[in-house]
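Okay, so here's the structure we're looking at.
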Protein chains: 2
Amino acid sequence: MTDGFIANFIDDCRAIVGAAHVLTDPVDTAPYLTDWRGRFTGRARAVVSPASTVEVAALVRLCAQHRVPVVPQGGRTGLVLGSVPDDSGTALLLSLRRLNRVRALDAVNRTITVDAGCILQHVQEAAAAENMLFPLSLAAEGSCTIGGNLATNAGGTGVLRYGNTRELCLGLEVVTAQGEVWDGLRGLRKDNTGYDLRDLYIGAEGTLGIITGAVLKLFPQPKASITALVGLCSPGDALQLLQLAESHCGPTLTGYELMSDVCLRLVATHFPALPQPFPGRYPEYALLELSSHESERHGVALLEGAIERALEAGIAQDAVVATSIAQSRALWAIREHIPLAQAAAGKNIKHDVSLPVSRIADFIDATDALLAAAYPGVQVVCFGHLGDGNLHYNIAPPEGIAHDDFLAEQAPVNRIVHDSVAAFGGSISAEHGVGALKRDELARYKPRVELDLMRALKAALDPLGIMNPGKIL
Amino acid sequence: MTDGFIANFIDDCRAIVGAAHVLTDPVDTAPYLTDWRGRFTGRARAVVSPASTVEVAALVRLCAQHRVPVVPQGGRTGLVLGSVPDDSGTALLLSLRRLNRVRALDAVNRTITVDAGCILQHVQEAAAAENMLFPLSLAAEGSCTIGGNLATNAGGTGVLRYGNTRELCLGLEVVTAQGEVWDGLRGLRKDNTGYDLRDLYIGAEGTLGIITGAVLKLFPQPKASITALVGLCSPGDALQLLQLAESHCGPTLTGYELMSDVCLRLVATHFPALPQPFPGRYPEYALLELSSHESERHGVALLEGAIERALEAGIAQDAVVATSIAQSRALWAIREHIPLAQAAAGKNIKHDVSLPVSRIADFIDATDALLAAAYPGVQVVCFGHLGDGNLHYNIAPPEGIAHDDFLAEQAPVNRIVHDSVAAFGGSISAEHGVGALKRDELARYKPRVELDLMRALKAALDPLGIMNPGKIL
């Protein structure tokens with residue numbers, strides 16, 4: 001493309017959003033072009049920040065006219081290189097962050113309608129201000145946008161009870177690859193009128209269209225949340241405790257996290273100020289959260305009842321139930337500091353996998369053994385949302401080997417872990433998505449029929465191939 | 001097509017499924033060709049009953065080769081002419097009822113894997129035998145198949161807590177329009193690896209492919225279910241009671257049905273043996289169901305607590321809480337006899353609509369008034385799943401006008417009701433689907449952009465247009 005074309009194209013962008021919202025100077029565009037973990041920096045023709053759905057649609061029409069690739073971006077907290085452009089420099093980076101209004105809150109319908117660029121935490125706060133709960137909760141909630149959460153079908157710590165982002169969304173507004181606006185902002189619990197476009201755009205990582213708005217479900221705010229940490233002998237016992245707690249507590253059980261002792265030692269090493277929960281140590285720990293709509297007393301009694309049974313049955317070894325908000329925060333802090341402790345320890349090879357819940361213990365045993373055989377002394381840092389079958393199964397080098405050197409083993413380590421995931425009927429991306437990072441892995445593990453169907457959908461909805469190219473497929 | 005082609009085609013079908021499972025004699029095929037309510041009888045080249053996914057795939061490949069339309073059918077209990085062929089006589093009717101195995105039950109993963117032709121009630125029973133709950137529950141459960149439930153994204157009485165069929169499904173096996181088998185039978189709570197094919201096939205009413213198997217979610221069986229009936233002054237009070245009960249009971253509130261006094265009078269007239277719940281009468285009634293994982297005592301106390309508050313606040317006028325299973329069944333029997341009482345009274349004009357929950361009372365007031373103005377003395381029989389915003393809003397003739405004569409008014413009555421639904425942001429099909437019956441209504445009310453997207457998906461996945469033609473689009 002000629003310089004003249006580029007100048008005209010940029011001028012057309014400026015005419016749509018205003019000159020102040022079209023960035024082309026590398027100093028200005030740099031913060032948008034490097035991924036969250038700092039592993040990759042792409043290039044873009046320009047970074048454009050529209051302020052409305054109408055402006056997004058006009059930009060996409062302009063890009064379709066000139067066959068310019070469009071890379072939508074929210075809070076840029078994704079972990080799979082889904083929201084940064086490649087290094088060709090041909091793409092227009094379209095930041096949604098100026099679309100940040102809460103459009104409406106309907107307390108009786110229990111819905112909130114928001115722009116895609118709203119920060120997740122602001123959506124949580126808008127709900128809480130009306131004494132309601134928007135239950136999506138994850139580490140990046142202070143920076144990530146709800147549009148990004150929808151585009152990646154984000155998970156987090158509340159999935160056991162409330163589902164993934166997909167299950168929390170009733171309706172969408174989308175700018176199609178043709179630059180048309182699909183108004184699917186319906187706040188309906190039941191609507192069986194044709195194909196489920198909503199769920200097709202959710203999780204499509206901007207490759208089929210751009211989500212610009214959403215109607216989200218809200219829930220009555222529970223009266224109390226109770227947290228407990230339980231010391232266990234094995235992942236198998238963690239599964240037994242999950243079964244017992246689900247049966248005993250029913251839907252009041254809202255969170256169930258697993259952490260190995262390796263994780264807790266890592267946290268203790270790098271954050272020695274954090275209190276240790278038990279005088280002794282156990283191979284595994286489960287973090288339970290219960291939400292009661294009745295009272296704190298009810299919640300504590302219910303959770304203690306489940307744990308007492310587990311202790312009597314020998315499933316649990318020791319337990320602490322938080323009796324104050326400060327104690328509860330301290331227990332969650334251990335869980336939340338695992339990724340930070342890992343980062344402090346050095347780079348590692350991360351996996352975000354899911355398994356049938358029933359296969360988790362066998363998967364951990366088998367995969368630990370395969371890795372130990374291939375890399376004697378290797379450290380597996382395994383934690384995650386056990387209630388959803390989702391493990392963050394991260395691999396650090398054996399003692400004495402530099403973290404950076406070990407990263408060279410990424411491909412063979414991925415092969416061991418992902419082959420094992422496939423053998424146990426799991427998924428190589430539980431909650432992070434595919435992006436550019438896992439595209440080749442996806443092509444390797446997906447059945448051919450499924451890839452063909454996905455390609456047919458991509459060709460049908462984005463025939464020019466301009467929507468976030470190189471991601472997923 | 002020539003007689004020779006037809007003979008060869010039928011022979012090829014026989015070679016795939018065995019001669020005994022290919023019906024061509026009108027006496028044999030008749031039971032498959034008339035819709036559940038007896039309003040329409042189609043014609044088919046043959047009725048074929050495959051016994052396996054492999055046989056379904058072979059039949060679809062044969063049909064694709066010869067451009068023969070395929071109409072999949074489960075229990076034939078659909079209400080929108082979705083599973084019967086048109087009267088052209090060109091289609092192959094493919095009955096899934098011989099695919100009726102429970103393939104696996106994983107108690108720890110809380111999943112059951114079933115053939116699409118399994119009767120819903122059998123799936124419920126297979127779960128209950130392991131002390132687990134498959135919560136999909138609807139009037140046709142003794143006859144309908146899970147494949148039909150998935151194809152129409154069926155709703156029912158448990159949606160408030162457990163969601164529609166869509167939310168109860170983790171994975172699918174589908175025979176594509178090309179006769180290939182997509183094995184998406186994954187039992188994973190989290191899986192973000194590409195486009196959501198599962199939810200595209202769910203609710204597509206067999207127009208994109210044929211669902212042959214599914215992995216379904218199970219839940220811990222509650223210890224007790226408590227039912228209550230509450231007398232109310234208005235739909236607005238029913239909404240206030242719903243709010244109060246949801247806040248007070250949280251996720252233990254598993255059902256919330258609305259019935260008008262017109263409904264109860266109709267039931268009393270046609271089923272005089274059913275006991276009347278109250279000595280007096282109220283304009284509206286709410287039926288509440290609460291499920292406790294703790295104990296019956298806990299459930300009763302919680303539900304009574306919510307109702308007491310509602311009585312004190314003047315929201316509720318009177319209430320009865322069932323103290324035995326027999327009493328609970330008697331309360332549900334009133335609700336379940338409404339459609340039967342309607343059928344006994346004569347034909348009527350039915351609507352299955354959904355609204356934002358917050359707009360329900362206004363919708364009922366406004367639409368009742370529009371109908372009364374157009375048809376003085378008209379009877380509105382309104383009941384439904386208020387917790388999901390789903391009303392069965394059925395219209396019977398004024399006194400003195402024959403039911404059959406009133407049916408001639410179907411089109412203008414539909415226009416009044418569906419225009420009102422659209423004005424209040426609702427859907428013209430909440431849980432029954434579109435089929436052939438509501439196809440023209442869909443085309444009228446859907447935004448053009450949405451119809452274009454749906455047509456693009458249909459063309460992408462079924463380019464020959466052989467999958468259940470004339471349904472939805």
Exercise. What residue, of A:Gly194, A:Gly203, is facing chain B (nearest Cβ under 7 Å), more than 30 Å from A:Ala306 (Cα to Cα), within 23 Å of the chain's Cα centre (by Cα) and part of a loop (DSSP other than H, G, I, E, B)?
Worked result: A:Gly203
Problem set entry | Considering residues of the range A:360-377 that are of a type in the set (A, V, I, L, M, F, W, C) and open to solvent by less than 20 Å² (accessible area, probe 1.4 Å) only, the residue farthest from A:Tyr256 (Cα to Cα) | A:Leu371
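Return the only residue of B:Pro283, B:Pro251 being of a type outside the set (Val, Ile, Thr) and open to solvent by 40 Å² or more (accessible area, probe 1.4 Å).
Values: B:Pro251 fails: open to solvent by 40 Å² or more (accessible area, probe 1.4 Å).
Result of the check over B:Pro283, B:Pro251: B:Pro283.
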For this session: Confirm whether A:Ile401 is away from chain B (no Cβ under 14 Å), more than 16 Å from the chain's Cα centre (by Cα) and modelled with pLDDT of 95 or more.
Result: no
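Which residues, taken from the range B:168-186, are open to solvent by 10 Å² or more (accessible area, probe 1.4 Å) and facing chain A (nearest Cβ under 10 Å)? Reasoning before the result, please.
Filtering the range B:168-186 down to residues open to solvent by 10 Å² or more (accessible area, probe 1.4 Å) leaves B:170, B:173, B:178, B:180-181, B:183, B:185-186.
B:Leu170, B:Gln178, B:Glu180, B:Val181, B:Asp183, B:Leu185, B:Arg186 - these are the residues of the range B:168-186 that are open to solvent by 10 Å² or more (accessible area, probe 1.4 Å) and facing chain A (nearest Cβ under 10 Å).
Suppose we keep only residues that are open to solvent by less than 50 Å² (accessible area, probe 1.4 Å) and more than 13 Å from every other protein chain (Cβ to nearest Cβ) within the range B:288-317. Which one would you say is nearest to B:Leu386 (Cα to Cα)? Lay out the reasoning, then the answer.
Just the residues of the range B:288-317 that are open to solvent by less than 50 Å² (accessible area, probe 1.4 Å), to begin with: B:288-293, B:295, B:298-300, B:302-303, B:305-307, B:310, B:314-316.
Filter once more, keeping what is more than 13 Å from every other protein chain (Cβ to nearest Cβ): B:288-289, B:300, B:307, B:310, B:314-316.
Working: B:Leu288: 10, B:Glu289: 12, B:Val300: 22, B:Ile307: 17, B:Ala310: 17, B:Gly314: 20, B:Ile315: 16, B:Ala316: 16 Å.
This residue is B:Leu288.
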Exercise. Can you tell me which of B:His432, B:His418 is closer than 27 Å to B:Glu336 by Cα and touching a helix residue (DSSP H, G or I) at 6+ places or on another chain (Cβ under 9 Å)?
Worked result: B:His418
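Determine which member of the set A:Ala369, A:Ala343, A:Ala373 is more than 14 Å from chain B (Cβ to nearest Cβ), in a helix (DSSP H, G or I) and at pLDDT below 95.
Numbers: A:Ala369 fails: at pLDDT below 95; A:Ala373 fails: at pLDDT below 95.
Among A:Ala369, A:Ala343, A:Ala373, only A:Ala343 is more than 14 Å from chain B (Cβ to nearest Cβ), in a helix (DSSP H, G or I) and at pLDDT below 95.
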For this session: Identify, by number, the condition in (1) in a strand (DSSP E or B); (2) buried (at least 24 other Cβ atoms within 10 Å of the Cβ) that A:Val380 doesn't meet.
Result: (2)
Exercise. Looking only at the range B:108-137, which residues are in contact with a helix residue (DSSP H, G or I) (Cβ under 8 Å, 6 or more places away or on another chain) and free of Cβ contacts under 8 Å to residues at least 24 places away in the same chain?
Worked result: B:Val108, B:Ser137
Seminar exercise, completed: Within the range B:417-473, residues part of a loop (DSSP other than H, G, I, E, B), acidic (Asp, Glu) and either touching a Phe, Trp or Tyr at 6+ places or on another chain (Cβ under 8 Å) or more than 7 Å from every other protein chain (Cβ to nearest Cβ) (or both) come out as B:Asp462
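Is there a residue in the range B:205-216 that is over 25 Å from B:Gln124 (Cβ atoms), out of contact with any strand residue (DSSP E or B) (no Cβ under 8 Å at 6 or more places or on another chain) and modelled with pLDDT of 95 or more? Walk me through how you get there before you give the answer.
Quick first cut of the range B:205-216, residues over 25 Å from B:Gln124 (Cβ atoms) only: B:207-209.
Now narrow it down to the ones that are out of contact with any strand residue (DSSP E or B) (no Cβ under 8 Å at 6 or more places or on another chain): none.
Within the range B:205-216 (the criterion being over 25 Å from B:Gln124 (Cβ atoms), out of contact with any strand residue (DSSP E or B) (no Cβ under 8 Å at 6 or more places or on another chain) and modelled with pLDDT of 95 or more), the answer is no, since none of the residues qualifies.
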Problem set entry | Looking only at the range A:417-447, and only at residues there that are under 15 Å from B:Arg186 (Cα atoms) and without any contact (Cβ under 8 Å) to a residue 60 or more places away in the chain, the one that is most open to solvent (accessible area, probe 1.4 Å) | A:Ala423
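Name the one entry in A:Leu264, A:Leu232 that is under 25 Å from B:His293 (Cβ atoms), buried (at least 23 other Cβ atoms within 10 Å of the Cβ), away from every other protein chain (no Cβ under 11 Å) and in contact with a helix residue (DSSP H, G or I) (Cβ under 7 Å, 6 or more places away or on another chain).
Values: A:Leu264 fails: under 25 Å from B:His293 (Cβ atoms).
Criteria check complete, one pass: A:Leu232.
Checking the conditions here, which among A:Leu244, A:Leu232, A:Leu218 is within 26 Å of the chain's Cα centre (by Cα) and among the aliphatic types (A, V, I, L, M)? Don't jump to the end; show me each part of the working.
On the way: A:Leu244 fails: within 26 Å of the chain's Cα centre (by Cα); A:Leu232 fails: within 26 Å of the chain's Cα centre (by Cα).
Selected residue: A:Leu218, the only one of A:Leu244, A:Leu232, A:Leu218 that is within 26 Å of the chain's Cα centre (by Cα) and among the aliphatic types (A, V, I, L, M).
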Exercise. List pairs: first in the range B:291-306 and more than 16 Å from B:Ala245 (Cβ to Cβ), second aliphatic (A, V, I, L, M) and surrounded by fewer than 22 Cβ atoms within 10 Å (Cβ to Cβ), Cβ under 6 Å, 6+ apart or cross-chain?
Worked result: B:Glu296/B:Ala224
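Select the helices (runs of 4 or more DSSP H) contained entirely in the range A:80-167, then report the ones holding at least 1 residues which are crowded, with 18+ Cβ neighbours inside 10 Å and away from chain B (no Cβ under 14 Å).
Numbers: elements: A:120-128, A:146-151, A:159-162.
Per the criteria, A:120-128, A:146-151.
The values are calculated or read from the model by the stated rules, or taken from the named source; none is laboratory data. As the structure is a prediction and not an experimental result, all values here were calculated from the model. Because the Cβ atoms are built from the backbone with ideal geometry, glycine has one as well, and the counts that use them run over all protein chains shown. Each accessible area value is taken on the protein alone, full model and side chains, heavy atoms only, with ligands, DNA and RNA left out. Shrake-Rupley method; radii C 1.70, N 1.55, O 1.52, S 1.80 Å.
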